Amino acid sequence: MSETSDPPTPRRGRGIELALLLFAVAISVAAYVSVDIGALGRVPPDALGYFGGLAALAGVAHVAVRLRAPYADPTLLPLVVTLNGLGLAMIHRIDLARAGEGGLAGAGLEAAAAPSQLTWMVVGVGLFVAVLVLVRDYRVLARFTYTAGFLGLVLLLLPLVPGLGREINGAQIWIRVGPLSFQPGEAAKIVLIVAFAGYLVRTRDALALAGRRVLGVDLPRARDLGPILVVWVTALAILVFQRDLGPSLLLFGIFVLMIYIATERVSWLVLGALLAVLGGLAANALFAHVQVRVDGWLDPFSDTDRFFQIVQSLYGLAYGGLLGTGLGQGRPDLVPFAQSDFIVAAFGEELGLTGLMAIIVAYGLLAARGFRTALVQRDPFGKLLAAGLAISLALQVFIVVGGVTRLIPLTGLTTPFLSQGGSSLVMNWVLVALLVRISDATRRPTPPAPPTDEAVTQVVKL
Amino acid sequence: MNTPLRRVSVGFMLLFFALLANITYVQAFQADELNARQDNRRVVLDEYSRERGPIIVADTPVARSVSTEDEFEYLRQYPEGPLYAHATGYYSFLFGRAAIERAENDVLAGTDDRLFVRRLVDLVTGREPRGGSVKLTLDPAAQRAAYDGLGDRKGAVVALDTTTGAILAMASTPTYDPSPLASHSLDEQQAAWDSLTTDPNRPMLNRAIAQTLPPGSVFKIVTSAAALESGYTPETVVPGPAEYDLPQSTRTLPNQSGQPCGPGGETTLTNALRISCNTAFAYIGNDLGGDALREQAERFGYNSQPLPEMNAATSVFPEELDEPQTALAAIGQFDVRATPLEIAMTSAAVANRGVLMRPYLVEEILGPDLAVIDQTQPSELSQAVSAETARDLTAMMVDVVENGTGGNAAIPGIPVAGKTGTAQSASDRPPYAWFTSFAPADDPRVAVAVVIEEAGENTDISGGRLAAPVARAVMEAVLGS
């Protein structure tokens, strides 16, 4: 990064954002229309209404950013709208396949998922606007560090409460209140990132103190190990009691990377990796549901029934090849959970390697903008919070896409913005709202916060 | 905090590159391998969306695809299902493919390299690509005669064109109807599959080529051939007592009749074959030795797989036999195992002046426009016996039909050469009745092997009584057409 003594006044970029948003809405509507043309051979009758609805949603979000976060990074919102729109189109596409006669995939007639996903998108955009309106300054969040930590743990444990928690597809990660099902883990993730950021800002100096030096690595002092052990045990508890590998890995990964960023000590990374490997090995040895994932990763074709999910996913990807079958023209419904955990395989099949690469790059851009916001931000809390949110996004995408494409063992996680699932979609909109909020603060011409000692020496070109 | 932050973001960049590299590997490099797997239902669906080529027997499709309104687009039909089931096999969404539907899938699905030019033409003209056709060697009259002859008994028939090796009839009972397995109702597929796979009579087993049984006395053709090749003549006198003392053992091997095979316990080779004399052939077996028998058997095709594309079983003549085992092997017992196809090949080789032809089921590969793309050229597998031995053996086998145990195979006006057999695999199960023959003996065209499981009595009479009439009907069907 080149340094200049006089940073230019940043452009607000709202015009760029509007242009990109139009593009995002256009792509989403084009995907929706081509799904119907591919699968049914006709333009959907509600294409115009759909366009209007998406455009209105994007417009509302854009206006909220204009009014409440005028200096925010202009690429965040368009990227999110693109991903959300593509997800809607693919969920609609799999609805069509499931509704088709024959029911070859063995899937019964299920309620169409796309309309409810669209409803959740409305809620998501609503919360996005609400966060921008209510959280005028993200720094107030630092006040709630311990409240957030407590709330996060409660949210994580809620599905285990008898009568409230529900087991769906083998994972005890849902709660049910009346007619509504909700995955509190999605909310817990964000709340805990806030808590981690607040906590680490306060304690990072102590955590950075070196203890014993082993093999060239300064290990932390034993008394500072408490927090990482608490998170580790929590992550293991999720794995054991909720039978869900993905969130456990995600939570621990976010915390370890944030503590590393806060303390600048590689030893925390080493320690975290050791604990993760330890937990992973134990889980693999003790739990059948973890073993299946690991065995299926190592050699999925040794037993195509036992490793049905990953095998079907690979078949879908392979069938898509370089250019894909075209939207509406493949058989993504043959992959189990194609609307949720395996939606990436559906995209790989119908949009091919090319389309899937574009989607992964879109996530990469989103994460990169998040990291950039963190880098440029001078306030340590904002820096850590932005970093945590970006890490959470990038790590989740890596875990789920890597799992579905057999780069790493399969774990149960949603693909942010693409997957069917209200909790995930809504909470990811909140996540992006927080990123937008921080990036707005970062790019404001006159920083509202007095620079920290560190930031004074680090003048950064924007 | 920026240094670790940069490192973390670079780390994630590398992870994302790993994702991109991995999907490139899966979707660009591994894709062909994944798409070729039989349990990959997408490939089947893709096949269903194209018109699959027919399987043809004598200009009539015995498997064909008809257009339907549902999502599969084409339904596979087998107009004469059970009659050709073991040749066509089935084409099932849930259970894959079998027999010709499996072996010639590339042609039928239209993906075979030989159809490449036509695919290009279809691409250019914008026509839906179609599969090629596979024409079988089967003779409808012979096939029907085989099934009519077997009736509701468990058994199998193979008929070969002696000069080319073409399979004219391939029947196995009980048979099945492949149509329900190709149904577009998955429940119907599953139900048909369940009932077929749990049936103790195993209707989907192709007994004609895929099941080996002890050949019993029909193996005496091979032993006779080995004897003639090593200096015996049809008139050579051999010992044929009522009982043969198995060497190195206290056990004896009796004739089925309990009588000696000739006056003074001696007989000629011709007479030994005519009355299927166990003791004489046991003696000859030990006289020649196990290795000589095995070499002769292997020249007739034992110990190597015929029709690999149809997953035929390999008939076996064992190695390293001691003397009692050699004696038993010489009469087709001990560990000798043969398929009806192998028995028919043996007769066909004798009929074809000792030359064994490679058996084949696919006559021609046709393009979607029915132009011939490929044609099977008959080829020799081996010179099983000399022409002279073949001539002597033919005369001996004609004698079996005209004066011996094979009388039921006689066709008025046409000389027939044959041999009966009955074999036991275990003492607690009924024996197998065998018959093999070829005709006309003076100008052979067709060789047949018939096996009927669970014959009532353990004498060569049952082979002549049960199996020979089936063989005769099949030979008549071929010669009459």
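No value in this document is a laboratory result; all are computed from the given coordinates. Since we're looking at a predicted model, the values are computed, not measured. Counting neighbours? That spans all protein chains shown, and the Cβs are built from the backbone with ideal geometry, glycine included.
Here the label points at A:Val240 and B:Ser304, each 7 Å from Cα along the C-beta direction, are separated by 6.5 nm in the simple model.
At q = 0.12, 0.13, 0.22, 0.23 Å⁻¹, what log₁₀ I(q)/I(0) does a Debye calculation on the Cα points of the range A:294-356 give, no solvent, two decimals? Here the Debye-derived log intensity ratios amount to -0.26, -0.31, -0.78, -0.83. Packing-based ranking of B:165-173, A:56-64, A:272-280 yields B:165-173, A:56-64, A:272-280, ordered from highest to lowest mean Cβ neighbour count within 10 Å.
The simple Förster model, with R0 at 60 Å and r as the Cβ-Cβ distance, assigns A:Ala26 and A:Val233 a FRET efficiency of 0.80. Against the empirical curve 2.2 N^0.38 Å, the C-alpha radius of gyration of chain A lands at a ratio of 0.98. Each 10 Å bin from zero up to the one holding the largest Cα-Cα distance in the range B:190-297 carries the following percent of pairs: 14, 36, 23, 13, 11, 4, 0. First check a/c for the protein assembly as shown, with a ≥ b ≥ c the square roots of the eigenvalues of its C-alpha gyration tensor; if it is under 1.5, answer rounded, and if not, answer prolate when a/b is larger than b/c or oblate otherwise. In terms of gyration-tensor shape, prolate.
Between helix B:140-150 and chain B there is an angle of about 60 degrees, using the helix long axis and the longest principal axis of the Cα atoms. Mean residue ellipticity at 222 nm, helices only, chain B: -11000 deg cm²/dmol; runs of at least 4 DSSP H residues each add -39,500 (n - 2.57), and the sum is divided by the number of residues.
Spin-label model, B:Arg114 to B:Glu319: label points 7 Å out along the Cα-to-beta-carbon direction sit 3.6 nm apart.
Please identify every one of the GluC sites (Glu not before Pro) in the range B:207-315 that sits in a loop by DSSP and has no more than 14 other beta carbons within 10 Å of its own beta carbon. Present the calculation step by step, with values, prior to reporting the outcome.
Working: sites: B:Glu229, B:Glu235, B:Glu243, B:Glu266, B:Glu295, B:Glu298, B:Glu309; in loops: B:Glu235.
Sites meeting the loop and neighbour criteria: B:Glu235.
Expressed in units of 2.2 N^0.38 Å, where N is the residue count, the Cα radius of gyration of the range B:1-110 is 1.74. Peptide A:327-339 shows a mean partner chain C-beta count of 1 within 10 Å per residue C-beta. The slack between B:Ser386 and B:Thr250, meaning 0.36 nm per residue of separation minus the straight C-alpha distance, is 45.2 nm. Taken residue by residue and averaged, Cβ atoms of other chains lying within 10 Å of the Cβ of A:308-315 number 3. Once both labels are positioned 7 Å from their Cα atoms along Cα-to-Cβ, the gap between B:Asp148 and A:Ala282 label points is 7.8 nm. Footprinting exposure proxy ranking of B:Phe29, B:Phe334, B:Phe435, A:Phe308, fewest other C-beta atoms within 10 angstrom first, gives B:Phe29, A:Phe308, B:Phe334, B:Phe435. Computed per residue of chain A from DSSP H runs no shorter than four, each worth -39500 (n - 2.57), the mean residue ellipticity at 222 nm is -22000 deg cm²/dmol. Measure nothing but the geometry: give the 0 to 90° angle between the long axis through the Cα atoms of B:290-299 and the longest principal axis through the Cα atoms of chain B, rounded to 10°. Helix B:290-299 and the main axis of chain B meet at about 50 degrees.
Partner shielding of A:262-269 amounts to 2, given as the average count of beta-carbon atoms from other chains within 10 Å of each residue beta-carbon. Hey, what angle do you get for helix B:220-229 against the long axis of chain B, alpha-carbon based, 0 to 90 degrees rounded to 10? Once rounded, the angle reads 70 degrees. Applying both filters, DSSP loop and at most 14 other Cβ atoms within 10 Å, to the GluC sites (Glu not before Pro) of the range B:35-104 gives B:Glu69. Across the options B:Leu246, B:Ala109, B:Ala156, the greatest Cα extent toward the positive end of the charge dipole of chain B (unit charges at beta carbon of Lys, Arg, Asp, Glu) belongs to B:Ala109.
Report the longest stretch of chain A that contains none of the GluC sites (Glu not before Pro) sitting in a DSSP loop with at most 10 other Cβ atoms within 10 Å.
A:102-462
Taken about its Cα centre, the range B:358-417 carries a charge dipole of roughly 180 debye when the Cβ of each Lys and Arg holds +1 and the Cβ of each Asp and Glu holds -1. Sorted ascending by nearby beta carbons within 10 Å, beginning with the fewest, B:Lys154, B:Lys220 become B:Lys154, B:Lys220. Rounded to the nearest 20 debye, the dipole magnitude of the range B:222-356 is 440 debye, with +1 charges on Lys and Arg beta carbons, -1 on Asp and Glu beta carbons, and the Cα centre as origin.
Sorting A:Ile254, A:Ile438 by the number of Cβ atoms found within 10 Å of their own Cβ, with the fewest placed first, yields A:Ile254, A:Ile438.
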